[in-house]
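J.: Structure incoming, see below.
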Amino acid sequence: MTPEDNARMGLRERKKRETRVALSQATILLCVQRGWDNVTVEDIAAAANVSVRTFRNYFSSKAEAIAAGHLERMLRIADELRTRPAAEPLWDSITGAVQAQFVPQGETGAVASHDQRWTDGLRLMLAEPALHGEIVKANAAAQQELTLAVAERTGTDPARDVYPRLVASVVGAGSAAAVEHCLRANPSTPLAPVLREVFDQIAAGLPTP
């Protein structure tokens, strides 16, 4: 395969990834705004400016499209981890990678009072039973990619050593705990400091408060 072929293949893969992200984002937006039962595949395709057939080429259901958004974020955390400075301590790198994807630069992750309807809608969407199985599958795929990224960074063997898989599992659990805390316990709590607290506690060995 020539370098030109590789470049074209890389471009196609990026385009496909961008389409997946656009469809996932449209699905999440509509389901949060309108409610799960009030959104059809036709609605999603129209919002993303694609055909229903294109949606079906990427996803089998609304639930799979939503779960794909979670998977994409975790894949970007793995990609970010691979680009962090080699001399940076592992948990500093992980915290930076997680923050970069959950809280974009310049944002705090705070939920303003006028966004309360969005928060309530997001809670309802995440409670939808049809979504749970797809989230489990997305978590498994995300954990595998994070495992490989941690193994590369630490020089461990993902097939032989438990460490990279353990770290990947902790990253997923810590991120989920921070988001759930902000959504359910206190919606006005900014996400950024909660993520920082979660990963600081993990790095310190989860000392008893």
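J.: Enumerate the pairs (first residue in region 112-138 and within 16 Å of P190 (Cα to Cα) and open to solvent by 60 Å² or more (accessible area, probe 1.4 Å); second residue anywhere and among the hydroxyl-bearing types (S, T, Y) and at pLDDT below 80) with beta-carbon separation below 8 Å, excluding pairs fewer than 6 apart on the same chain, so at least 6 apart or on different chains.
T.: Between residues of region 112-138 that are within 16 Å of P190 (Cα to Cα) and open to solvent by 60 Å² or more (accessible area, probe 1.4 Å) and residues that are among the hydroxyl-bearing types (S, T, Y) and at pLDDT below 80, the close pairs are S113/S188.
J.: For F102, state whether it is surrounded by 15 or more Cβ atoms within 10 Å (Cβ to Cβ) and at pLDDT below 95.
T.: On the way: surrounded by 15 or more Cβ atoms within 10 Å (Cβ to Cβ): yes; at pLDDT below 95: yes.
Yes, satisfied.
J.: Could you check, for region 89-101, whether at least one of its residues is of a type in the set (S, T, Y), within 24 Å of P193 (Cα to Cα) and assigned to a helix (DSSP H, G or I)? Talk me through it step by step, then tell me what you get.
T.: First pass over region 89-101, keeping only residues of a type in the set (S, T, Y): 93, 95.
Cutting the leftovers down to within 24 Å of P193 (Cα to Cα) gives us 93, 95.
Applying the additional criterion that residues be assigned to a helix (DSSP H, G or I) yields 93, 95.
Within region 89-101 (the criterion being of a type in the set (S, T, Y), within 24 Å of P193 (Cα to Cα) and assigned to a helix (DSSP H, G or I)), the answer is yes, since at least one residue qualifies.
J.: Are any residues in region 61-90 of a type in the set (D, E) and open to solvent by 30 Å² or more (accessible area, probe 1.4 Å), and if so, which ones?
T.: E64, D79, E80, E88
J.: A further question follows. Among the numbered conditions (1) out of contact with any Ser or Thr (no Cβ under 7 Å at 6 or more places or on another chain); (2) over 14 Å from L90 (Cβ atoms); (3) in a loop (DSSP other than H, G, I, E, B), tell me where G205 comes up short.
T.: Answer for G205: the failing condition is (2).
J.: Shifting gears a bit: Return the residues of region 146-194 that are of a type in the set (S, T, N, Q), open to solvent by less than 20 Å² (accessible area, probe 1.4 Å) and touching a Pro at 6+ places or on another chain (Cβ under 8 Å); say none if nothing qualifies. Outline the logic, then answer.
T.: First, pick out the residues of region 146-194 that are of a type in the set (S, T, N, Q): 147, 154, 156, 169, 175, 186, 188-189.
From the residues that got through so far, the ones that are open to solvent by less than 20 Å² (accessible area, probe 1.4 Å) too are 147, 175.
The answer is T147, and nothing else.
J.: Determine which member of the set V162, V150, V170 is out of contact with any helix residue (DSSP H, G or I) (no Cβ under 7 Å at 6 or more places or on another chain), of a type outside the set (S, T, N, Q), farther than 17 Å from I28 by Cβ and modelled with pLDDT of 95 or more.
T.: Values: V150 fails: out of contact with any helix residue (DSSP H, G or I) (no Cβ under 7 Å at 6 or more places or on another chain); V170 fails: out of contact with any helix residue (DSSP H, G or I) (no Cβ under 7 Å at 6 or more places or on another chain).
Among V162, V150, V170, only V162 is out of contact with any helix residue (DSSP H, G or I) (no Cβ under 7 Å at 6 or more places or on another chain), of a type outside the set (S, T, N, Q), farther than 17 Å from I28 by Cβ and modelled with pLDDT of 95 or more.
J.: Would you check which residues across region 68-83 are touching a residue at least 60 places away in the same chain (Cβ under 8 Å) and in contact with a Gly (Cβ under 9 Å, 6 or more places away or on another chain) and list them?
T.: Selection gives M74, L81.
J.: Tally time: how many residues in region 11-60 are outside any helix (DSSP H, G or I) and either open to solvent by less than 20 Å² (accessible area, probe 1.4 Å) or under 23 Å from P129 (Cβ atoms) (or both)?
T.: Here is the first cut: in region 11-60, the ones outside any helix (DSSP H, G or I) are 35, 39-40, 49-51, 59-60.
Still in the list and also either open to solvent by less than 20 Å² (accessible area, probe 1.4 Å) or under 23 Å from P129 (Cβ atoms) (or both): 35, 39-40, 59-60.
The qualifying residues number 5.
The values are calculated or read from the model by the stated rules, or taken from the named source; none is laboratory data. Just so you know, these numbers come straight off a predicted model, no measurement behind them. Please note: Cβ atoms are built from the backbone with ideal geometry, for glycine as well, and neighbour counts cover all protein chains shown. When the accessible area is computed, the model is the full protein with side chains, heavy atoms only, and any ligands, DNA or RNA have been set aside. Shrake-Rupley method; radii C 1.70, N 1.55, O 1.52, S 1.80 Å.
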